[in-house]
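FYI, it's all coordinate maths here, none of it is from the lab. Source: prediction; values computed, not measured. Here the Cβ positions follow ideal geometry from the backbone for every residue, glycine too, while neighbour counts run over all protein chains shown.
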Amino acid sequence: MKTASLPWLVINMAITADGKICGPRASTNTPPDARMARFSSAADHRRLLRIRSTCDAVISGRKTVEADRVDLGPGSTYWQQRRVRQGLSPFNKRIVISSSGKIQPTCHVYQYPFSPLLIATTDAGLERSGPVAQTTDWIQARSFGKTHVNLHALLAWLGAHWQVHRVVAEGGGELNDALFRDGLVDELFLTVCPIIFGGTTHGTLADGMGASNLGEAYGLRCVEHQTRNGEQFLRFLKSRPARVQALKA
């Protein structure tokens with residue numbers, strides 16, 4: 001159960017019409033095609049930057065940032081100035097989640113010191129990621145659990161120590177699933193693109209353990225719906241638990 005003191009958490013994702021977010025998972029040994037994670041339009045990318053411009057921080061999983069050239073930053077000067085007009089700092093804070101602590105130091109996100117970056121890991125992962133953080137004063141590694149990252153504890157720490165009030169998570173699917181299962185998602189921005197990937201090994205919006213029965217499903221209500229150039233731009237808010245129960249009837 002999420003407490004009112006935790007930051008407001010947004011998930012922003014683009015999916016194919018069959019719910020995929022990328023190509024085959026790394027575990028399939030299929031050569032990765034980064035283009036399969038960039039199937040949405042320029043309008044969707046502008047939406048991503050607009051959402052980031054309202055947030056104090058951006059969260060992403062390690063595999064997601066290592067799969068593409070992303071810096072998790074606010075974008076151009078236009079978006080930085082927009083943040084300032086809204087009373088935010090020009091650059092958002094950044095969080096990369098890695099339970100294992102395995103970090104590729106040459107990854108794109110670790111090359112840009114425009115804002116603080118937190119590697120959220122575990123006790124064991126701290127031994128692996130700590131040396132990376134020790135090479136610079138703008139990256140820090142911190143443990144939030146013995147064997148897995150406690151997302152409640154992470155959000156509480158971000159609120160207390162980084163003054164984060166609103167944060168956006170941008171995948172991947174395993175992180176999204178964990179956030180849903182922990183009841184932490186307040187808002188979901190979803191772009192549905194007119195393309196089909198098919199297959200059973202491709203990443204989805206919420207991979208991981210998932211719900212084992214309908215009562216565990218995460219209830220949402222759609223509050224915005226637009227169609228532009230074939231893409232569906234949706235926004236959902238978290239629904240009361242009674243909404244999921246009503247679906248059984």
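Working from Cα pairs under 8 Å separated by at least six residues, relative contact order for the stretch 39-121 is 33 percent. Restricting the trypsin sites (Lys or Arg not before Pro) of the stretch 37-129 to loop positions (DSSP other than H, G, I, E, B) with no more than 12 neighbouring Cβ atoms within 10 Å leaves Arg38, Arg69. Look at where the Cα atoms of the stretch 76-140 and of the stretch 184-230 average out, and the two centres are 26 Å apart. Note that the stretch 22-159, at 25 °C in a medium of 0.890 mPa s, gets a Stokes-Einstein diffusion coefficient of 153 µm²/s from its Kirkwood radius over C-alpha pairs. Relative contact order for the chain: 27 percent, from Cα pairs under 8 Å spaced at least 6 residues apart, divided by residue count. DSSP bridge analysis restricted to the chain gives an antiparallel fraction near 35%, rounded to the nearest 5. Taking the Kirkwood radius as Rh and the Cα radius of gyration as Rg, the chain has a ratio of Rg/Rh equal to 0.94. Going from the residue with the fewest nearby Cβ atoms within 10 Å to the one with the most, His108, His202 rank His108, His202.
Non-local lysine pairs in the chain, meaning eight or more places apart or on different chains, with alpha-carbon distances under 23 Å, amount to 11. About the centre of its Cα atoms, the stretch 90-249 shows a dipole size close to 320 debye [charges on the beta carbon of Lys, Arg (+1) and Asp, Glu (-1) only; nearest 20 debye]. The C-alpha radius of gyration of the stretch 161-205, expressed as a fraction of 2.2 N^0.38 Å, stands at 1.45.
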